[in-house]
Structures are given as structure tokens and as C-alpha cells.
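Worksheet: the structure to be examined is printed underneath.
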Amino acid sequence: DAGVIQSPRHEVTEMGQEVTLRCKPISGHNSLFWYRQTMMRGLELLIYFNNNVPIDDSGMPEDRFSAKMPNASFSTLKIQPSEPRDSAVYFCASSLGSQPQHFGDGTRLSIL
Amino acid sequence: AQKVTQAQTEISVVEKEDVTLDCVYETRDTTYYLFWYKQPPSGELVFLIRRNSFDEQNEISGRYSWNFQKSTSSFNFTITASQVVDSAVYFCALSGLIQGAQKLVFGQGTRLTINP
């Protein structure tokens with residue numbers, strides 16, 4: 001079975017550009033999560049969706065960040081405009097109900 | 001607020017030694033879950049185990065074992081006869097069930113290096 005699929009795996013872009021990260025959850029899973037991992041702050045939950053509805057976005061850093069889940073098989077995390085401090089590894093995870101979350105391989109984002 | 005503390009930032013041992021990774025948590029929830037995830041050098045996060053707060057039985061899976069003690073709010077992870085392939089960052093995490101989904105709070109991780 002396919003796991004959580006994230007794209008791109010790596011992204012390097014210049015400050016001020018728009019960045020879009022993509023995630024395809026495991027088929028049948030009804031919860032989707034976006035995390036950010038940095039050396040300073042570790043793994044932080046940014047936002048999560050249940051049945052495509054955003055439940056808690058309190059971890060989203062600021063208005064430059066937005067996330068959508070238009071259907072059960074796709075989600076995006078967008079940063080506009082991007083800044084160097086947004087450089088991190090961004091993980092997407094999915095789960096079914098109260099079952100453990102399964103993570104994608106992550107997107108390594110570098111903002112120059 | 002929920003909090004997970006992994007006091008050991010880095011551990012380095014020689015292959016075949018036993019090693020224990022400590023995890024202490026704080027929560028006001030009566031029902032919660034505890035997890036361990038492994039992040040190898042390749043970067044992905046691999047689920048290892050989940051325990052719920054009502055099940056304090058220790059668990060063993062091959063060379064891995066977990067000791068959950070509610071009285072001390074700890075969920076420690078022991079690797080017996082460590083191998084080089086065990087080298088990774090290990091994360092302990094805590095969650096409650098919120099609107100049908102689990103909101104994970106991670107510790108800072110312990111970087112484990114197994115030397116040949």
C-alpha cells in the first residue's frame with residue numbers, strides 16, 4: 001500500500017516567492033496533519049484536518065501560511081511570501097480515527 | 001498544557017550495549033496516548049509503538065521494549081543488544097483525542113549513535 005506522499009522532496013527558492021507543498025494522504029484515512037521540523041523548535045504541529053475540515057490551525061505561524069484540503073486525497077500548505085526563517089522540513093501525516101499517524105518523507109524547504 | 005521531555009539530547013554507545021531512552025510527560029487529560037517514533041538519517045519518521053493511558057503493561061518487540069509508568073509519568077524505551085542500524089533520532093510523543101483525531105506533542109528527540 002502507498003504511504004503518505006509528499007511533493008516536492010526538496011524545494012529551494014528565493015525570499016518573497018510563493019511556495020506550495022503538496023500531500024496525498026493514505027487512502028481511507030480521515031485525518032491529515034501538517035508539521036514543521038526545525039533544529040530550534042523541533043517538531044511542531046501546524047494544522048490538522050478531520051474529514052477535510054480544518055480543526056485546529058493554532059500552530060500556523062502567521063498569515064503568510066495557509067493550508068487547504070479540497071478533497072480527501074489532497075492537501076496543500078502554502079507560504080506567501082516566503083522568508084528565510086521558513087526554511088525547515090515540512091511533514092504531512094495522516095491517520096484513521098484514533099489510529100497512529102503515518103508520516104510522509106517530508107519536504108526539505110530552503111528559502112534563500 | 002501537554003508537554004514531553006526527553007532529557008537526553010544525545011547518547012553514544014558501542015554496538016551490542018543496551019541503551020535506554022527516557023521520556024517524561026505532563027498532561028491533565030485522564031485519557032491519552034504515548035508514542036515513540038524513529039527518524040533515521042534518511043529523514044522519514046517511522047512509527048514504533050503506541051500505548052494508551054489505561055494500559056501500563058510493558059511491551060517487548062524483538063530487541064525493543066517499553067516501560068510505561070503512570071506513577072512517574074514516564075514512558076521509557078530500551079534497545080537491547082544495540083546495532084549500528086539503530087542509529088537515529090528517537091522521538092517520544094503524547095496525544096489526546098480531539099474531535100476524532102490525535103494531536104501529537106513531540107519531545108525534542110534523543111539522537112542515538114551506535115558505534116561499531
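For region B:1-21, how many residues are touching a residue at least 24 places away in the same chain (Cβ under 8 Å) and within 20 Å of A:M39 (Cα to Cα)?
Looking only at that region, the number is 10.
Name the residue that is surrounded by the most Cβ atoms within 10 Å (Cβ to Cβ), counting only residues in region B:61-90 that are part of a strand (DSSP E or B) and touching a Lys or Arg at 6+ places or on another chain (Cβ under 8 Å).
Per the stated criteria, the residue is B:F75.
Quick check on A:Q101: is it closer than 26 Å to B:Y32 by Cβ and not aromatic (F, W, Y)?
Criteria met by A:Q101.
Scan region A:69-90 residue by residue and report those that are closer than 15 Å to A:G59 by Cβ and loosely packed, with under 15 Cβ neighbours inside 10 Å.
Within region A:69-90, none qualify.
In contact with a Gly (Cβ under 8 Å, 6 or more places away or on another chain) and open to solvent by 70 Å² or more (accessible area, probe 1.4 Å) - does that describe any residue in region A:7-25?
Yes: region A:7-25 contains one or more residues that are in contact with a Gly (Cβ under 8 Å, 6 or more places away or on another chain) and open to solvent by 70 Å² or more (accessible area, probe 1.4 Å).
When residues of region B:48-60 are filtered for being in contact (Cβ under 8 Å) with a residue 12 or more places away in the chain and part of a strand (DSSP E or B), how many remain?
The number of residues fulfilling the criteria is 5.
Which residues, taken from region A:25-74, are of a type in the set (A, V, I, L, M) and closer than 17 Å to A:F91 by Cα?
Once the filter is applied, which keeps residues that are of a type in the set (A, V, I, L, M) and closer than 17 Å to A:F91 by Cα, region A:25-74 yields A:I26, A:L32, A:M39, A:M40, A:L43, A:L45, A:L46, A:I47, A:M60, A:A67, A:M69.
Would you call B:F47 open to solvent by 60 Å² or more (accessible area, probe 1.4 Å), within 14 Å of chain A (Cβ to nearest Cβ), in contact with a strand residue (DSSP E or B) (Cβ under 7 Å, 6 or more places away or on another chain) and modelled with pLDDT under 95?
Yes.
Identify all residues within region B:1-39 that are farther than 18 Å from B:W66 by Cα and small (G, A, S); write none if there are none.
Hits for region B:1-39 are B:A1, B:S12.
Would you confirm whether or not region B:91-103 contains a residue that is within 14 Å of chain A (Cβ to nearest Cβ), part of a loop (DSSP other than H, G, I, E, B), more than 12 Å from the chain's Cα centre (by Cα) and closer than 23 Å to A:M39 by Cα?
No - not one qualifying residue is present in region B:91-103.
Does at least one position in region A:12-19 carry a residue that is more than 29 Å from B:T5 (Cα to Cα), at pLDDT below 95 and of a type outside the set (A, V, I, L, M)?
no
Can you find, within region A:53-112, the residue that is nearest to the other protein chains (Cβ to nearest Cβ) among those that are of a type in the set (A, V, I, L, M, F, W, C) and part of a loop (DSSP other than H, G, I, E, B)?
So, considering only residues that are of a type in the set (A, V, I, L, M, F, W, C) and part of a loop (DSSP other than H, G, I, E, B), the one nearest to the other protein chains (Cβ to nearest Cβ) is A:L96.
Quick check on this structure: which one of A:R9, A:R22 is among the charged types (D, E, K, R) and within 14 Å of another protein chain (Cβ to nearest Cβ)?
A:R9
Please go through region A:25-52 and pick out each residue that is more than 11 Å from every other protein chain (Cβ to nearest Cβ) and part of a loop (DSSP other than H, G, I, E, B).
A:P25, A:I26, A:S27, A:G28, A:N52
So in region B:19-28, with the set limited to residues that are touching a strand residue (DSSP E or B) at 6+ places or on another chain (Cβ under 8 Å) and either over 11 Å from B:V105 (Cβ atoms) or open to solvent by less than 70 Å² (accessible area, probe 1.4 Å) (or both), which one is modelled with the lowest pLDDT?
Across region B:19-28, the extreme among qualifying residues is B:T27.
The values are calculated or read from the model by the stated rules, or taken from the named source; none is laboratory data. Nothing here was measured: the structure is a model prediction, and the numbers come from that model. Neighbour counts run over all protein chains shown; Cβ positions are idealised from the backbone, glycine included. Protein only, heavy atoms only, side chains kept; ligands, DNA and RNA dropped before computing areas. Shrake-Rupley method; radii C 1.70, N 1.55, O 1.52, S 1.80 Å.
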